[in-house]
Amino acid sequence: MHCKSILLILAFLSSLSLMAQTSVSGGIFSPTVWESANGPYLVTSELVVFPGASLTIEPGTEVQFQAGVGIELRSGSITANGTDESPILFTIDPAAEEGDTWRGIYSTVTPGNFQTMNFSHIVLEYAETGIKFNGGGYRNITNSTFRFNDVGVVDGDEGNDFMIFTNCDFLNNNVGTRGRASFFECTFLDNVNATQDIYYFITPDEGGRVIDCYFSNNDVCFINSETVINSAVIRNSVFENNGIVATLYSVEAENSFFIGSEIHAVYANLIDIRNCGFADNGIGLRTTETGTNGFVLNNRFENNDIGIQLDGNGSMVTGNVICNNEIGVFVATPLNVSILNNCWCSEDPEEIADQIFDAVDDVSSGLASFQPFSTNCDDPLLYPGDSNNDGQANAWDLLPIGVHYGEEGPARGVSSASWIGQATSNWGQSMINGLDLKHADSDGSGLIDSDDAQVIVNNYNLIHNNFSDLDPVLADDGNFDLRLIVPEEVFANQSVSLPLEIGDASNQLNDFYGIAFAMTADVNFFNPGSFSIDLNDSWLGEPGELLLIYQELPELNHVEVAIVRRDGQPVSGYGLIANLNFVMSEDLILSIEAAEGFSPPSDPVLNLLQIEAITHEGMQIGISYKPEILVISSTEDANPVADIQVFPNPVSDQLYLRGEVASVQMYRLYDQRGILVQEGPMMQPSINLSALPSGLYVLELVSDKASTTRRILVE
């Protein structure tokens, strides 16, 4: 084929490409939609979305920008929500010269004048400033990638915006983000500055949080360029092979790892660093000269040039493992410092002193007091409430307390029930899986009892990373069915009571002592705060023989439950464990539609997760459970007792009822443990509660069609 023919074909193909492109510029004055089929869109000059107008970009659309131009919002709105399969791409015009950038998508409204900017599942690249918010308000960007930009996202000149990034990637930017922001499950790779000026105002709830994130090969992860009070709260994140992780005013870090920082990992004035690992850094952690009330608790510093550098003496440094560093602690202040009760991988005071650079090495430094020190760096720290030492305080921690109830060991002396890892002596007595019994003594009294169960409640759902990885010991006496007995159908405002049963006549348990589980549903179909447990008639034991914990976790759609004996005597056979009580949501169908986003609504599914049933020795019993479906009633019959009001509340003697009281056949009153304390027929519109001790109770009102519950505070 002749060269001339080839050139003609290439020119023809090029013209087809240009014909498929849509050029845009000027103003958008009314609702406008860019469809992927008409793309790519080429923005040839500044594009302005005017007040009252909107721009919606469909999934799969590509938007190109000539160098130096962008999209301005003047109180208009832009929505660019792609999908996993069809993200939206914002990029530079392919015809631009190498190194050119486009201006970005930005708001020019003044603070206090809000505009809508919605982004998800986008890829934004080669911009001067990819997205710039202004005007104030909460901003959410999810499942998006920002790469090869000068600055990925900015929260506005006045700092009135608060950005929340979820599952986003920031790659090869000069600056990933700038300003007040929080990050959840985000990745930062190969940026010069991953973030600048991260901070929060009053609490971390409105900024500064870094949760479940990964940072690698960035020159700097967090740094201050303008903001005076810059702060980061770091949880469950990993920082690997960065130049510097943080140079900030305030850093809180927990359950995170700082590895291979060339210069330093964390350098801050105010610090609260707990349960973290620092390894292979130039300097692991450095405090400022003026830093006060700092906490460096229960961390590991290993193989760093300098593990901890103290430029001031205002930090508590205790409970840490400081081993195999060139210098474990460098005292860079002329003031004396206290670094008591740390573990140095040595029992020789002279060897430990060699790991500390202080006035003994240079008189310009202060002296470091390091004795007493811990001697076993590998023993797990004790976290009050985490009885099984799996890294979290929750219902499952009640089971070891029940198994070992009444056992004694050495008290911790000066101890704390707060969520702080504590290096304590072993009891020399173990649970069946080998974990030392000291972990079940949550309050440090030296006696395992119900006070330890209360510590679980106080520290519920807190986590740490100093856990033991121990395999459960399994019982070999078979597999048993666990069942929730559900009604044929449920309806709004109904108070339901679901019997929880185990085993049957043909498959009986020989040794049953306790159980823990999470009850979950595919929608939030019951009223928060209405859950309770009735232990009356339990085959496992009388209410006074049992320990009970249950916690509603609405954010997880979970209720977590543990019930266990405490006398060392198992039961055998089969039967009812407890009745699980709750109230269906006031508008059941609408609540399911709202939660799931579908119509007609699906029937909610009740499932039990993380089931752990045990013998009296703590061995785990094999359990089978089949999820149950709650069928929603198709009738519109009103619940006659749903609107009954009770007063006064709090109450000291007589409780009065207002509404359809005549429809109430009987009432039941349960205490916080789920124990029935009072019941009777409703003969009059009042109930005498004067004989009850002070506390919180659940009142159940029962009609011939339904029931409802009310929480009552007795003073």
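The values are calculated or read from the model by the stated rules, or taken from the named source; none is laboratory data. What you see is a predicted model, and the numbers here were worked out from it, not measured in a lab. Only protein heavy atoms, including side chains, enter the accessible area calculation; ligands, DNA and RNA are left aside. Shrake-Rupley method; radii C 1.70, N 1.55, O 1.52, S 1.80 Å.
Cα centroids of the stretch 194-272 and the stretch 371-394: how far apart, whole angstrom? Each part's Cα centre sits 26 Å from the other's. What's the center-to-center distance, using Cα atoms, between the stretch 551-584 and the stretch 65-88 in Å? About 51 Å separates the Cα centre of the stretch 551-584 from the one of the stretch 65-88. Accessible area ranking (1.4 Å probe, heavy atoms, ligands and nucleic acids excluded), largest first, for Lys132, Lys438, Lys626: Lys626, Lys132, Lys438. For the chain, place one equal point scatterer on every Cα, skip the solvent, and apply the Debye formula. What is log10 of I(q)/I(0) at q = 0.05, 0.07 Å⁻¹? Results for the chain at q = 0.05, 0.07 Å⁻¹ read -0.36, -0.68. Per-residue Karplus couplings for the stretch 25-32, computed as 6.51 cos²θ - 1.76 cosθ + 1.60 with θ equal to phi - 60°, are listed in order as 5, x, x, 10, 10, 8, x, 10 Hz, Gly and Pro entered as x. Centre-to-centre, using Cα atoms only, the stretch 275-332 and the stretch 414-465 are separated by 27 Å.
Per the helix-only calculation at 222 nm, which mean residue ellipticity applies to the chain, given -39500 (n - 2.57) for every DSSP H run of n ≥ 4 and division by its residues, nearest 500 deg cm²/dmol? Working shown, then result.
Details: 5 runs with 48 residues, N = 715.
It comes out at -2000 deg cm²/dmol, rounded to the nearest 500.
Under 5 Å from the amide H of Met316 lie the amide H atoms of Gly294, Phe295, Val296, each residue being 5 or more positions distant or on a separate chain, with H modelled from the backbone and absent for Pro and chain starts.
Each of His121, His616 has its accessible area taken with a 1.4 Å probe; listed largest first, they run His616, His121. At a 1.4 Å probe, what is the % contribution of carbon and sulfur to the accessible area of the stretch 193-308? Ligands and nucleic acids excluded, carbon and sulfur reach 49 percent.
In the assembled protein chains, Trp539 presents an accessible area of approximately 50 Å² (probe radius 1.4 Å).
In this structure the amide hydrogen of Tyr200, modeled in the peptide plane, comes within under 5 Å of the amide hydrogens of Ser231, none closer than 5 places in sequence on its chain. Taking the accessible area of the stretch 17-102, probe 1.4 Å, and keeping the other protein chains in place, the carbon and sulfur fraction comes to 49%. Ordering Thr177, Thr709 by accessible surface, largest first, gives Thr709, Thr177; the 1.4 Å probe counts only protein heavy atoms, with every chain in place.
Near the amide H of Val490, within less than 5 Å, lie the amide hydrogens of Val631, Ile632, Ser633, all on another chain or at least 5 residues away, with H placed in the peptide plane. Using a probe of 1.4 Å, the accessible surface attributed to Ser75 totals some 50 Å² when neighbouring protein chains are kept in position. Asp511 contributes an accessible area of around 30 Å² to the protein surface, as traced by a 1.4 Å probe with all chains present.
Kindly work out what percent of the DSSP beta bridges joining two residues of the chain are antiparallel, to the nearest 5.
Details: 72 of 216 bridges.
Rounded to the nearest five, the antiparallel share is 35 percent.
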